[in-house]
Amino acid sequence: MPRSERSPLLLAGLLATAGVAHFAAPRRFDETVPSALPGTARTWTYASGAAELALAAGLALPRTRKAAALATAAFFVGVFPANVKMAADWRHRPAPQKAAAFGRLPLQIPLVLWARNVAKNAEGRA
């Protein structure tokens with residue numbers, strides 16, 4: 001399988017894994033939901049997990065890949081505040097946890113770029 005075909009499937013796998021994790025271990029995600037959002041943290045955890053699973057499905061199918069990849073880029077931007085909250089909340093935790101929380105912040109940039117690249121390389125459908 002050519003690299004250009006693997007990339008969207010790897011991104012889909014990443015999203016699917018994260019989506020399943022939101023349902024399998026929701027409490028750890030609840031803690032990252034900004035309190036300014038309306039409703040319960042658990043609702044946001046499940047909604048974001050469902051969104052990740054839907055995006056993964058869209059990325060896996062060539063017909064919907066471009067639109068799903070663009071939505072994935074937007075999703076990665078949209079969840080950035082949760083990563084900022086996690087870093088702020090974990091700033092006094094042991095060094096490995098703090099490093100993981102702060103390491104997630106710059107990781108959003110390559111994720112957004114990856115999703116945009118998948119969209120760019122997808123067939124001309126949107």
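The values are calculated or read from the model by the stated rules, or taken from the named source; none is laboratory data. The model shown is predicted, which means the values in this text are computed figures rather than measured ones. Every residue, glycine among them, receives a Cβ derived from its backbone with ideal geometry; neighbour counts consider all protein chains shown.
Tabulated results
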{"quantity": "Residue list for region 88-101, restricted to those being of a type outside the set (D, E, K, R) and surrounded by fewer than 17 Cβ atoms within 10 Å (Cβ to Cβ)", "calculated": "88, 92, 94, 95, 96, 97, 99, 100"}
{"quantity": "So residue 79, is it under 27 Å from residue 6 (Cα atoms) and in contact with a Pro (Cβ under 6 Å, 6 or more places away or on another chain)", "calculated": "no"}
{"quantity": "Any pair with Cβ under 8 angstrom, 6 or more apart, that starts in region 40-59 at a residue that is on the phi < 0 side of the Ramachandran plot and surrounded by fewer than 19 Cβ atoms within 10 Å (Cβ to Cβ) and ends at one that is among the basic types (Lys, Arg) and not in a helix (DSSP H, G or I)", "calculated": "none"}
{"quantity": "Of the criteria (1) surrounded by fewer than 19 Cβ atoms within 10 Å (Cβ to Cβ); (2) in contact with a helix residue (DSSP H, G or I) (Cβ under 6 Å, 6 or more places away or on another chain), which one residue 69 fails", "calculated": "(1)"}
{"quantity": "Any hit, region 63-70, residues being of a type in the set (D, E, K, R) and in a helix (DSSP H, G or I)", "calculated": "yes"}
{"quantity": "Some residue of region 96-111 being within 13 Å of residue 71 (Cα to Cα) and either within 15 Å of the chain's Cα centre (by Cα) or assigned to a helix (DSSP H, G or I) (or both)", "calculated": "yes"}
{"quantity": "Count of residues meeting criterion [free of Cβ contacts under 8 Å to residues at least 12 places away in the same chain, assigned to a loop (DSSP other than H, G, I, E, B) and among the hydroxyl-bearing types (Ser, Thr, Tyr)] in region 6-39", "calculated": "1"}
{"quantity": "Residues being aliphatic (A, V, I, L, M) and at pLDDT below 90 - total across region 80-99", "calculated": "2"}
